[in-house]
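Quick note: the coordinates plus some simple rules give every number you see, no bench work behind them. Just so you know, these numbers come straight off a predicted model, no measurement behind them. Quick reminder, even Gly has a Cβ in these numbers, built from the backbone with ideal geometry, and neighbours come from all protein chains shown.
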Amino acid sequence: MTTVSVLGSGIMATALAFPLADNGHEVRLVGTHLDREVIDSIKKNGLHPGLELELPEGVRAYQLEEAEEAFDGADIAMSGVNSFGVHWAGERLASLLKPGMMVIAVTKGMEAGENGDLKILPDVLAEGVPQELREGVSWSAITGPAIAGEVAVRHETCVVFTGLEAEVLEKLATTFRTPYYHVWTSTDLVGCEVCAAVKNCYAFGGGLMEGLLDKEGKSEAKYRRYNYGAALFGQATRELGQWMELLGGQPETPYGLPGVGDMFVTTMGGRNVKAGRFAGAGVPFSEVQNERMKGVTLEGVAAIRVIGGALPKLTERGIVGAEDFPLMRHLHAVVARDEPVNMPWEKFFGGEPGNQARKV
């Protein structure tokens, strides 16, 4: 039996307790300071209020002040906080980790330096841990298409565990793998994590096509805007490949589970897609965030601000061309500058042939 201690009791981290418990492992869920009601509910009746499911036997819940007890003797430490709490999580793990532990994260996103240089969140998480201890544990992450509720009800799910140590990845995969939770491994940590971050940005774009129908009063129309959505998905896929070239991921990574696979499931629905639908309907994004979806965590939108916001700096430094990443640049304009949705189609797919001639 393996003991897995989890910092954060959000729905994805908690959903992963199901395959672990099914394999006979002990799972210890530690709530953050924002999760007190979640932990109280689990302790009282075994029910996670976000998932609306009873957790399996072998899962124990702890409040944050009980974290040291929960991490004592653990083999695997999981970081289950969202991107907004990654610095906090690193600082907390610094006092909870022990040499030899395997650390695995579910957090998705990136950070940008003042000059526009981008950094994956597992690296940010590790930076919160003193160097000697940091080097005494392994660092991995979970990527790929997985809706938490589907994992928890044991629907077929295929994911990728990524890190720099192949042997560690296989140990982790064996711990989690079940007949319904299928795990592949990849040592392309940068590529997988970049895909995990940027696909959330493009998922916001996935809501635009429905929003345009809302704006036109055609929400129930027979003919949808799937052509529009398919073109955005195609351009997003092209940009995933460009991100690999820019940041050093392997060229094949975007075209598997961590890239287009994860982007597909993320564009099927959720908070980022809902925000995109409002924007597509013509609602200025400041109103979407401050009124329509006030208080809702929008990790994809946060990623657009970070990643899209880095592009002008990288362009100024000559690292990327002004014509590169037109979809990401436009999503950033919508989110950060309240610009209306007006897709720069002529810039997609390397530029539309003959477009300039038609404009004249």
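Run lengths n ≥ 4 of DSSP H only: what is the helix-derived mean residue ellipticity at 222 nm for the chain, with -39500 (n - 2.57) per run over all residues, to the nearest 500? Walk me through the numbers before you get to the answer.
Working: 18 runs with 154 residues, N = 360.
Helices in the chain give a 222 nm mean residue ellipticity of -12000 deg cm²/dmol.
Would you work out the Kirkwood radius for the chain? I mean one over the mean of 1/r across all pairs of different Cα atoms, in Å. Please report the intermediate quantities before stating the final value.
Working: mean 1/r = 0.0472 Å⁻¹.
About 21.2 Å for the chain.
Counting Lys and Arg as +1 and Asp and Glu as -1, what is the net charge of the other residues whose Cβ lies under 14 Å from the Cβ of Val153?
On the way: positive: Arg154; negative: Asp22, Glu52, Glu54, Glu150, Glu156.
Residues close to Val153 contribute a combined charge of -4.
Given +1 on the Cβ of Lys and Arg, -1 on the Cβ of Asp and Glu, and no further charges, what dipole in debye does the range 217-358 carry about its Cα centre, rounded to the nearest 20? Let's see the in-between values first.
On the way: 17 positive and 15 negative charges, 104 e Å.
The calculation lands at about 500 debye.
For the range 191-352, take the convex hull of the Cα atoms, compute a quarter of its surface area, and give me that in nm², please. Let's see the in-between values first.
Details: hull surface 36.9 nm².
Over every viewing direction, the Cα hull of the range 191-352 projects on average to 9.2 nm².
Taking only C-alpha pairs under 8 Å that are 6+ residues apart, what is the relative contact order of the range 70-182 in percent?
22 percent
Ranked from highest to lowest mean number of other Cβ atoms within 10 Å per residue, what is the order of the peptides 185-191, 157-163?
Working: 185-191: 20.7, 157-163: 23.4.
Ranking, from highest mean packing down: 157-163, 185-191.
Between Glu127 and Ala336, what is the label-point separation in nm under the 7 Å Cα-to-beta-carbon projection?
Simple spin-label model gives 1.8 nm for this pair.
Tell me the net charge near His332. Cut-off is 10 Å between Cβ atoms, His332 excluded, with +1 for each Lys or Arg and -1 for each Asp or Glu.
+2
Charges on Cβ only, +1 for Lys and Arg, -1 for Asp and Glu, centred on the Cα centroid of the chain; of Ser95, Gln235, Thr174, which one is farthest towards the dipole's positive end?
Positive-end residue among those listed: Gln235.
Just grab the label-to-label distance for Phe349 and Glu54, each label 7 Å out from Cα along the Cβ direction, in nm (one decimal).
Calculated label separation equals 5.3 nm.
Explain nothing, just the number: dipole magnitude of the range 49-129 about its Cα centre with +1 on each Lys and Arg Cβ and -1 on each Asp and Glu Cβ, in debye rounded to the nearest 20. Walk me through the numbers before you get to the answer.
On the way: 5 positive and 15 negative charges, 42 e Å.
With only Lys, Arg, Asp and Glu charged at Cβ, the dipole is about 200 debye.
So how compact is the range 1-99: Cα radius of gyration and Dmax in angstrom?
Taking only Cα atoms of the range 1-99, I get Rg and Dmax of 12.2, 36 Å.
Using the structure shown, select from Lys43/Lys108; Lys274/Lys294; Lys215/Lys274 the pairs with a Cα to Cα distance greater than 22 angstrom.
Working: Lys43/Lys108 28 Å; Lys274/Lys294 13 Å; Lys215/Lys274 14 Å.
Check vs 22 Å cut-off fails for Lys43/Lys108.
Helix 189-206 versus the longest principal axis of the chain: what is the Cα-based angle in degrees, 0 to 90, to the nearest 10?
Value to nearest ten degrees: 50.
I want the local charge near Gly24. Using Cβ-Cβ distances under 14 Å, sum +1 for each Lys or Arg and -1 for each Asp or Glu among the other residues. Kindly include the intermediate steps, with their values, before the conclusion.
On the way: positive: Arg177; negative: Asp22, Glu26, Glu57, Asp75.
Taking every Cβ under 14 Å from that of Gly24, the sum is -3.
Rounded to the nearest 20 debye, what is the charge dipole size of the range 3-187 about its Cα centre when +1 sits on each Lys and Arg Cβ and -1 on each Asp and Glu Cβ?
Details: 13 positive and 27 negative charges, 62 e Å.
Roughly 300 debye for the range 3-187.
Calculate, in whole percent, how much of the Cα-Cα pair population of the range 3-187 lies beyond 24 Å. Walk me through the numbers on the way to the answer.
Details: 5513 of 17020 pairs.
Across the range 3-187, Cα pairs with separations above 24 Å total 32 percent.
Could you list log10 I(q)/I(0) for the range 130-255 at q = 0.11, 0.16 Å⁻¹, which the Debye formula gives when each Cα is one point scatterer?
Values, matching the q order: -0.53, -0.93.
If you average the C-alpha positions of the range 73-118 and of the range 293-308 separately, how far apart do those two centres end up, in angstrom?
Measuring centre to centre over Cα atoms gives 19 Å.
How long, wide and thick is the range 293-348, going by the Cα atoms along their three principal axes, in whole angstroms, largest first?
37, 24, 15
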